[in-house]
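What follows is a single structure, written as structure tokens, with notes after it.
The values are calculated or read from the model by the stated rules, or taken from the named source; none is laboratory data. Not measured: the values here are computed from a predicted model. Please note that ligands, DNA and RNA were not included when accessible areas were found on the heavy atoms of the full protein model with its side chains. Shrake-Rupley method; radii C 1.70, N 1.55, O 1.52, S 1.80 Å.
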Amino acid sequence: MTSIDTVGSYLDQMDIPAWRFFPMVGSTNDMALNWAKQGAPDWTLVVADAQTTGRGRAGRHWITEPGCALAFSLVFRLSPDEVAYYARLAALGGLGLIYALEGLGLRGSLKWPNDVLLSGAKVGGVLVESSWLADQLEAAVIGIGVNVSFGSVPPAEELRYPAIDIQSALGEPVDRWSLLAQIVHGLRKYRNILAEDAFVAACNQYLSWRDEWVRFQRPGEQPQRVRIIGIMSDGRLSVETQDDRKFDVLNGEIIMRDD
């Protein structure tokens, strides 16, 4: 099992103001949200070697087995300018991971709204949650899970979507904590342009299946075939139907590519 000294040797070089490492935890997002309510500063990090009750989008489970994946959450104290772009935080998490993958020579892509793909298979996911004080945003928490090495991907029969780990894609082992450091570097890079058009351009540069036809399902509706146009400035996905109708969606899921 990973020791706190091992993780600390990396985190101490990452300009993280405060961090906590847990050999095993229920959910890093829960720990980060609780810490945020106690005053944790901007860029506070919670990271775990194993996670037992992690959450994905729509209440789905994200289990992190010890020694083979990354499970971490960062506290963000958003500036007034950044609050207006809260809807971009899931993409921020994805771009941070894509930045780290590029450092390994791998091309990741954003599967709207909150996943990162490698070769069409899911390698990581992002969950954004918040702490509120009355009607004021107190802090945002970006939780990221990454399949790093063998053993991190559940059996195929348990998956809703094909998954892959970085080691399998790269063909050699990956140091999890070095990868974590690179993800944080990527998050810093893209947070600097969070409120700019350049951020949206980056999202669309890495958007999976842009200008291609996919099966898409909105909550409570049957799947339909749409062409992905791109991500809008407010985080919505712009699509076009086969009868040339265009609309932007806030909630929904890309089920699969329609070849």
Quiz prompt | Estimated D of segment 68-115 in µm² per second, where Rh is the Kirkwood radius over Cα pairs and Stokes-Einstein applies at 4 °C, 1.567 mPa s | solution = 105 µm²/s
Quiz item: Taking segment 79-181 on its own, what percent of its Cα-Cα pair distances exceed 22 Å?
Solution: 36 percent
Quiz item: Per residue, how much accessible area does the chain show when a 1.4 Å probe rolls over the protein heavy atoms, in square angstrom?
Solution: 46 Å²
Quiz item: When DSSP beta bridges are limited to those with both residues in the chain, what percentage is antiparallel, rounded to the nearest 5?
Solution: 85 percent
Quiz item: In whole Hz, what ³J(HN,Hα) sequence does segment 189-195 give by Karplus (6.51, -1.76, 1.60; θ = phi - 60°), x for Gly and Pro?
Solution: 4, 7, 5, 4, 10, 3, 8
Quiz item: Can you give the extra length, in nm with one decimal, that the chain gains between residue 15 and residue 193 once fully stretched, where that is 0.36 nm per residue apart less the Cα-Cα distance?
Solution: 62.2 nm
Practice problem: Would you grab the residues whose amide H sits under 5 Å from the one on residue 25? Only those 5+ places off in sequence or on another chain, please, with H modelled 1.01 Å from N. | Solution: 50, 51, 52
Quiz prompt | Net length gained if the chain between residue 251 and residue 238 were fully extended (0.36 nm per residue, minus Cα distance) | solution = 3.5 nm
Quiz item: At what distance in angstrom do the alpha carbon centres of segment 192-239 and segment 117-191 lie from each other?
Solution: 19 Å
Exercise. Over the alpha-carbon set of segment 108-239, divide Rg by the Kirkwood Rh and report the Rg/Rh ratio to two decimals.
Key: 0.98
Practice problem: Nearest 5 is fine: what % of DSSP beta bridges in segment 1-152 come out antiparallel, could you say? | Solution: 85 percent
Quiz item: Which whole-Hz couplings ³J(HN,Hα) result when phi for each residue of segment 211-225 is put into the Karplus expression 6.51 cos²θ - 1.76 cosθ + 1.60, θ = phi - 60°, listed in order with x for Gly and Pro?
Solution: 6, 10, 8, 9, 8, 10, 10, 8, x, x, 10, 6, x, 9, 8
Quiz item: How far, in degrees from 0 to 90, does helix 89-103 lean away from the longest principal axis of the Cα atoms of the chain, to the nearest 10?
Solution: 70 degrees
Quiz item: Add -39500 (n - 2.57) for each DSSP H run of 4 or more in the chain, then divide by its residues: what number comes out at 222 nm, to the nearest 500 deg cm²/dmol?
Solution: -7500 deg cm²/dmol
Practice problem: Any chance you could run the full-extension gain for residue 87 through residue 6? It's 0.36 nm times the residue separation minus the Cα-Cα distance, nm to one decimal. | Solution: 25.7 nm
Quiz item: Expressed as cubic angstrom per residue, what is the convex hull volume of the alpha carbon set of segment 165-259?
Solution: 137 Å³
Exercise. Take the alpha carbon gyration tensor of segment 174-218, find the square roots of its eigenvalues, order them as a ≥ b ≥ c, and report rounded if a/c is under 1.5; if not, report prolate when a/b exceeds b/c, else oblate.
Key: oblate
Practice problem: Report P(r) for the chain: all Cα-Cα distances, bin width 10 Å, range 0 to the bin holding the largest distance, values in whole percent. | Solution: 7, 31, 37, 20, 4, 0
